[in-house]
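For reference, the structure is listed below as structure tokens.
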């Protein structure tokens, strides 16, 4: 049986790995997941990612290198899936509110691709709120 929400699965794997202080985590590859992780890298929440061929018979994987501070505390304090397959959450460009008083970000799926809330407001586009990170 297939997975009903692969984005939530990826966020849970990242959350669990960072809390367990793992250096890297592997998630099954998809184009949307790769674009979300690309935003994480651009915003400084993870070090880097790499798409690799998985074992024989399996699909590709994303290997995500997690980021920690000097005291070995994870940079990602929280990840929350906002829009789900059963309840999609859409917002306009003017309706975007800051996360943790500007210390976090919302990641949106817009007509211009997957963007951070600041870029979506600048481009004056709304879309589906995929997740929040702080």
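The values are calculated or read from the model by the stated rules, or taken from the named source; none is laboratory data. Given the structure is predicted, the values throughout are model-derived calculations rather than measurements. Neighbour counts are summed over all protein chains in view; Cβ atoms, including those assigned to glycine, are modelled from backbone coordinates with ideal geometry.
A few notes on this one:
- Just one of the listed residues (14, 36, 64) is surrounded by 14 or more Cβ atoms within 10 Å (Cβ to Cβ), touching a strand residue (DSSP E or B) at 6+ places or on another chain (Cβ under 9 Å), in a strand (DSSP E or B) and at pLDDT 95 or above, and it is 64.
- Restricting attention to segment 28-39, the residues being touching a residue at least 12 places away in the same chain (Cβ under 8 Å) and over 28 Å from residue 102 (Cβ atoms) number 3.
- Scope segment 85-112; condition in contact with a helix residue (DSSP H, G or I) (Cβ under 7 Å, 6 or more places away or on another chain) and either without any contact (Cβ under 8 Å) to a residue 12 or more places away in the chain or surrounded by fewer than 19 Cβ atoms within 10 Å (Cβ to Cβ) (or both); matching residues: 93, 96, 110, 112
- Test: residue 5 is surrounded by 14 or more Cβ atoms within 10 Å (Cβ to Cβ) and under 15 Å from residue 132 (Cβ atoms): no
- Among (1) modelled with pLDDT of 95 or more; (2) over 20 Å from residue 113 (Cα atoms) - the single one residue 72 does not satisfy: (1)
- Taking segment 113-124 as the range and being buried (at least 16 other Cβ atoms within 10 Å of the Cβ), part of a helix (DSSP H, G or I) and in contact with a strand residue (DSSP E or B) (Cβ under 8 Å, 6 or more places away or on another chain) as the test, the residues that pass are 117, 120.
- Filtered residues of segment 91-104 (kept if within 17 Å of the chain's Cα centre (by Cα) and either at pLDDT 95 or above or part of a loop (DSSP other than H, G, I, E, B) (or both)): 98, 103
- Residues in segment 14-27 that are free of Cβ contacts under 8 Å to residues at least 60 places away in the same chain and either more than 22 Å from residue 129 (Cα to Cα) or out of contact with any helix residue (DSSP H, G or I) (no Cβ under 8 Å at 6 or more places or on another chain) (or both): 16, 17, 18, 19, 20, 21, 22, 23, 24, 25, 26.
- Residues of segment 67-83 satisfying the condition of being in a loop (DSSP other than H, G, I, E, B), more than 23 Å from residue 129 (Cβ to Cβ) and touching a helix residue (DSSP H, G or I) at 6+ places or on another chain (Cβ under 9 Å): 67
- Subset of segment 40-64 (residues that are in contact with a helix residue (DSSP H, G or I) (Cβ under 9 Å, 6 or more places away or on another chain) and either under 22 Å from residue 5 (Cα atoms) or touching a residue at least 24 places away in the same chain (Cβ under 8 Å) (or both)): 40, 45, 46, 49, 51, 62, 64
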